[in-house]
Amino acid sequence: MSTLESLICPIDAAPLKLNGRVLSCEHGHTFDLAKTGYVNLLPVQNKRSKDPGDSKEMVAARQNFLNQQHYYPIVEAILDSWPDSHMVNDMRILDAGCGEGYYLNEMGKSLTSKGIHAERTGLDISKWAVLAASKRDKNVSWIVGSNASLPVPEGRFDAVVCLFGFPVFSEFSRALSNKGLLLLVESGADHLIELRRLLYPSIHDFKPTYADGVPGFKLIKEQAQRFTFSLSSQTHIQELLSMTPHIHKASYEGREAVKLLESISLTADVKLRWYQKNEGNHDV
Ligand SMILES: C[S@@+](CC[C@H](N)C(=O)[O-])C[C@H]1O[C@@H](n2cnc3c(N)ncnc32)[C@H](O)[C@@H]1O
Ligand SMILES: [Zn+2]
């Protein structure tokens, strides 16, 4: 059963049945599949804004940047570090905050080439991101929804991946099977340091996230991935900038300085942390 056939109603958590192109629960809530095959399960009352998550422009910029494959080493690092015991056929993977679907799409291609089939599901709060994702890969179940309240039944996934996203550990734990895996991918101390030096008058000390651990999970593996890449046009530099938090945080002067660049060589410094769900843990 694909994920689209085993979702739960975002309003009352009752199972949703797929009939043709409509998902419905026993209480009469219905959700149509969009033309491109994704489903929007973000109820109006759960939206903090009218158009939550990344905007259409941010999604387009991220897609243009990622399509240049500068971040492919991250895809390789994810698959190379995937714990062997969990690299199994038919594993169910959720990308929570999947953006425009680059990683899930590339992971699918790479796993297929290794002879492994994975049932892939991508969820993001931005309908623009999910719309783009649903055009990119038809073999993934795509959902507009929030990590804060995943419309999936307990224990559905073998792995949840969250890249540069907004993790909600209690929900990830609920959505994972017993001993399921969680992968967090985040920026390390030197990530895009060359750009940050231009954007900020001084660089703050790096503060690791979740230094005290993650509730409901134990850390089983940690890996740093470092590589360099170059951008050779102002357009490409702006695309990268608009997919980072720096677009909002940087000073006016910093952003003006970056506007003058025609090329830049950059360091990517990314941290991968693998966690395993604590046994018998549903509410954390
Ligand atoms: C920095 S982007 C990363 C996207 C993708 N993982 C990548 O690395 O290309 C963060 C993503 O999280 C999404 N997002 C923000 N809040 C969210 C939430 N509560 N639940 C799910 N996704 C969320 C945004 O719409 C955006 O697509
Ligand atoms: Zn319902």
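The values are calculated or read from the model by the stated rules, or taken from the named source; none is laboratory data. What you are looking at is a predicted structure, and each value in this text was computed from that prediction instead of being measured. All Cβ positions, glycine included, derive from the backbone under ideal geometry; neighbour counts span all protein chains shown. Remember, those area values only see protein heavy atoms, side chains included, never the ligands or the DNA or RNA. Shrake-Rupley method; radii C 1.70, N 1.55, O 1.52, S 1.80 Å.
Observations
- For the residues 169, 229, 217, a GNM of the chain with alpha-carbon springs under 10 Å puts the largest fluctuation on 229.
- Dipole axis of the chain (+1 Lys, Arg; -1 Asp, Glu on Cβ), positive-most option in 96, 117, 52: 52
- Summarising the overall dimensions of segment 90-147 from its C-alpha atoms, the Rg and Dmax are 10.7, 32 angstrom.
- For segment 143-215, dividing the convex hull volume of the Cα atoms by the residue count gives 119 Å³ per residue.
- For the set 249/271; 56/218; 135/271; 56/221; 50/135; 109/218, the pairs lying more than 32 angstrom apart at their alpha carbons are 56/218; 56/221.
- Placing unit charges on the Cβ atoms only, positive for Lys and Arg and negative for Asp and Glu, gives segment 3-277 a dipole magnitude near 320 debye about its Cα centre.
- Square roots of 5 times each gyration tensor eigenvalue, C-alpha, segment 1-118, largest first, Å: 29, 21, 12
- Mean projection of the Cα convex hull over all viewing directions, computed for segment 38-99: 6.4 nm².
- Report summary: the helix-based calculation at 222 nm, which adds -39500 (n - 2.57) for every DSSP H run with n ≥ 4 and divides by the residues of the chain, gives -8000 deg cm²/dmol.
- Among 56, 114, 138, the largest mean-square fluctuation in a Gaussian network model of the chain (Cα springs under 10 Å) belongs to 114.
- Protein heavy-atom accessible surface, 1.4 Å probe, per residue over the chain: 48 Å².
- Stokes-Einstein translational diffusion, segment 3-277 - Kirkwood Rh over all Cα pairs, 0.890 mPa s, 25 °C, in µm²/s: 125 µm²/s
- Within the chain, antiparallel bridges make up roughly 60 percent of the DSSP beta bridges whose residues both belong there.
- For segment 157-284, the antiparallel share of DSSP beta bridges with both residues in that region comes to about 80%.
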